[in-house]
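Let me begin by presenting the structure, written as structure tokens, before commenting on it.
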Amino acid sequence: MEGPCQISASATSVAPEGCRQHRSTYIEPAPALTTPAPTVFRVQGLTKVYSMGEVFVHALRGVDLEICTGEFVVLLGHSGSGKSTLLNMLGGLDQPTAGSIHFRDQDLTRASPQELTLYRRRSVGFVFQFYNLIPSLTATENVALVTDISPAAMRPEEALRLVQLYDRRNSFPSQLSGGQQQRVAIARAIAKRPEVLLCDEPTGALDVSTGISVLEAILTINQSLQTTTIVITHNATIGEMADRVVTLRDGRINEDYRPRVRKSVQELNW
Ligand code: ADP
Ligand code: MG
């Protein structure tokens, strides 16, 4: 049996078990291709209810999920299914109504605002649909905003090289295409070497070919830095390039599987 924290070259579409559950049943060293990876996130009974006056919106209705080191997870679901709510809580931007989230050994749901700030600053890179670059700064300068305050950061030029934009490092956002601007935003998110990269509809504003260049950049980061990566999309095709696809429906996990054949980014078409 494979759990979500088993990295296997011959991934099959099994329903993943929890990483902990798997480790507790792991008796003999696995032959060849399987290696248990540590859990990055452990989410239990996660519930979020927004109250809008007399109306209550149940955004998450008891989500259980484990995400493992280095995984590339695509979080799929229709608009309003709870994807952003879940991602924001994983990133320490919001707190649940009930349930818990552990990031390694830290219970984020019991963390103080200061601890959450440190967690976001050190451990999380965010990429959103809109790039939020500063128009009066070059690509390098936009990335340097982060690297200047992070002791373990790479140089801005190095981050831009990872997203294939070294040659455009002196360009201003207005001189770059949408996809290039998003890649600057990715460079900015990962320059501090975060353990996790959380992307909320990173290709939502882009056409196919530009979206592909952005997904390539995210995959390169995942593979070269082993950054655990979660990408939200409502586009099921993007799930074909993932290690694992988690589908939300109406605030609950509906599916959780590993694509039988993992496609390269170039093979995607939507
Ligand atoms: P998705 O990202 O899958 O489109 P969201 O997580 O943004 O879904 O939203 C899930 C549900 O929670 C939706 O019904 C949405 O309207 C509601 N919701 C999200 N954020 C808020 C908020 N700040 N206040 C009230 N309702 C919210
Ligand atoms: Mg959303």
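The values are calculated or read from the model by the stated rules, or taken from the named source; none is laboratory data. Nothing here was measured: the structure is a model prediction, and the numbers come from that model. With ideal geometry, Cβ positions are generated from the backbone for all residues, glycine too; neighbour counts draw on all protein chains shown. Ligands, DNA and RNA are stripped out before the accessible areas are found, and what is left, the full protein with its side chains, is counted by its heavy atoms. Shrake-Rupley method; radii C 1.70, N 1.55, O 1.52, S 1.80 Å.
Brief remarks follow.
- Dipole magnitude of the chain, debye to nearest 20 (Cβ charges: Lys/Arg +1, Asp/Glu -1, about Cα centre): 280
- Only Lys, Arg (+1) and Asp, Glu (-1) charged, at Cβ; the range 165-232 dipole about Cα centre in debye: 320
- The residues neighbouring Pro202, those whose beta-carbon lies less than 14 Å from its own, together hold a net charge of -1 under the Lys/Arg +1, Asp/Glu -1 convention.
- For the range 6-267: accessible area per residue (Å², 1.4 Å): 48
- Stretch gain in nm, segment Arg61-His78, where the contour uses 0.36 nm per residue and the Cα spacing is subtracted: 4.6 nm
- Dipole of the range 181-247, positive end: most advanced residue of Thr247, Gln182, Ser209 [Cβ charges, Cα centre]: Gln182
- Under 10 Å, Cβ to Cβ, from Pro156 - net charge with Lys/Arg +1 and Asp/Glu -1: 0
- Protection proxy ranking, peptides 108-121, 197-210, average beta carbon neighbours within 10 Å, highest first: 197-210, 108-121
- Loop-resident trypsin sites (Lys or Arg not before Pro) (DSSP state other than H, G, I, E or B) in the range 235-270 with no more than 11 further Cβ atoms inside 10 Å of their Cβ: Arg260.
- Sulfur and carbon atoms: percent of accessible area, the chain [1.4 Å]: 51
- Span-like helix check, the chain: qualifying full DSSP H segments, with Cα axial length of 24 Å or more and mean Kyte-Doolittle of 1.0 or more, are 208-225.
- Farthest positive-ward along the range 6-267 dipole, Cα basis, beta-carbon charges - from Thr228, Thr85, Val265: Thr228
- A full extension of the chain between Ser171 and Arg260 corresponds to an added length of 27.9 nm, given 0.36 nm per residue minus the alpha carbon distance.
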